[in-house]
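FYI, it's all coordinate maths here, none of it is from the lab. Here the structure is a predicted model, which is why all the values come from computation and not from measurement. Cβ placement follows ideal geometry from the backbone for every residue including glycine, while neighbour counts extend to all protein chains displayed.
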Amino acid sequence: MATLPATFIAISVPEAFIRVLGFAGMILTVIALLLPAFLFLKIDRPKHIKCLEHRSITYALVVFAMIIIACEIVSLMKN
């Protein structure tokens with residue numbers, strides 16, 4: 001019963017459903033990539049995670065997340 005409005009919108013306006021999925025992907029990028037990167041940057045020296053001793057990996061993760069978000073914004077503006 002709760003899925004009927006979403007189903008009706010997806011059937012009547014399929015472009016809107018795809019745009020909502022893209023926006024959700026952008027939010028998940030923030031949660032899955034940027035939030036852990038921010039927390040790793042706040043840790044002084046993460047000794048329990050060897051690959052994060054070098055800050056360059058964390059900065060590369062932030063750049064990768066920004067590229068994903070920028071691509072999604074371009075995709076949203078294009079349609």
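Would you order R55, R19 from fewest to most other beta-carbon atoms within 10 Å of each residue's own beta-carbon?
So the ranking, lowest neighbour count to highest, is R55, R19.
Quote the charge dipole size of the chain about the Cα centre in Debye, to the nearest 20; the model charges only the Cβ of Lys and Arg (+1) and of Asp and Glu (-1).
Values: 7 positive and 4 negative charges, 64 e Å.
For this selection, approximately 300 debye.
Show log10 I(q)/I(0) for the chain at q = 0.21, 0.22 Å⁻¹, two decimals, from a solvent-free Debye sum over equal Cα scatterers.
Evaluating at q = 0.21, 0.22 Å⁻¹ gives log10 I(q)/I(0) of -0.91, -0.96.
Give the residue from T3, V63, C51 lying farthest towards the positive end of the charge dipole for the chain; charges sit on Cβ (+1 for Lys and Arg, -1 for Asp and Glu) and the dipole is referred to the Cα centre.
C51
Take each uninterrupted DSSP H stretch in the chain, measure its Cα extent along the helix axis, and return the ones at 30 Å or beyond whose mean Kyte-Doolittle hydropathy is at least -1.0.
Both cut-offs are met by 55-78.
Over the chain, with a Gaussian network built from C-alpha contacts below 10 Å, which listed residue (V20, V30, V62) shows the highest mean-square fluctuation?
Fluctuation is largest for V20.
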